[in-house]
Each structure stands twice: as structure tokens, then as C-alpha cells.
Amino acid sequence: AAEALHKGQTVWWCAAPVGAEYYGIPWHPEKGGAVNAFGLTADSLKTLPPPALVLLSKPDISDKNRVVRKFLESGNFSVGATPRAFTVYEVK
């Protein structure tokens, strides 16, 4: 995520915010940080910039409405990596 942000790519963090802090992932997309995608609704999804990378952890908690997972299933994404407790989705 940090590498993608450094390249200027949009990253959605769909996990507990404390995890981003732990891994040193900055917030505030207007300042080059990740987009907080935790608990999105269908309406809020429409307001976000399209991601190049999505980090998803514990979807039963972070995406209980299945908004992010539906977005990923309908889009052009593939699983890029599966580090401990995360699934990383990348644009194909």
C-alpha cells in the first residue's frame, strides 16, 4: 500500500483504521494517503476515486454490507497478494 501511494495511486483501506496506523499507511487521500473504505455504503462508494489497490481484512466486519466485495467482483481486479489477515486486490 505504501508503495502504491508513493506512486500516486489510489488505495482503498477496507480494514480497521488502527491497522493502517500500525503499518504506517497515511490517511487523507487529498494529501496522498489511503481512502478509508471501512463500512462503505452503496451511496458512499459512488463518491470515492477508483482504486488501483484495495486492501481488505476481515470482510465480515469491515465490509459487512458487501459493498466493496461486490465492487471488486464486478470490476477488473485480481488478487495480488494475501499477507497475514489481508487480501490485496489489484487492477488487472
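A short reminder: the numbers here are calculations on the coordinates, not readings from a lab. Small disclaimer: the values here were computed from a predicted structure and weren't measured. In this analysis, Cβ positions are derived from the backbone assuming ideal geometry, glycine residues included, and neighbour counts consider all displayed protein chains.
I'd like to know which of Tyr23, Val11, Ala42 lies farthest towards the positive end of the charge dipole of segment 1-85, counting +1 on Cβ of Lys and Arg and -1 on Cβ of Asp and Glu.
Ala42
What distance in nm lies between label points placed 7 Å from Cα along the C-beta direction at Asn65 and Arg84?
3.2
Per residue of segment 42-53, what does 6.51 cos²θ - 1.76 cosθ + 1.60 with θ = phi - 60° give for ³J(HN,Hα)? Whole Hz please, x for Gly and Pro, Karplus curve as stated.
Running phi through 6.51 cos²θ - 1.76 cosθ + 1.60 with θ = phi - 60° gives 4, 5, 5, 4, 5, 8, 8, x, x, x, 9, 8 Hz.
Per DSSP helix of 4 or more residues, -39500 (n - 2.57); summed, then divided by the residues of the chain. What does that give at 222 nm, rounded to the nearest 500?
Taken over the chain, the calculation gives -6500 deg cm²/dmol.
Please report how many Lys pairs in the chain have alpha carbons closer than 26 angstrom, counting only residues at least 8 apart along the chain or sitting on separate chains.
13
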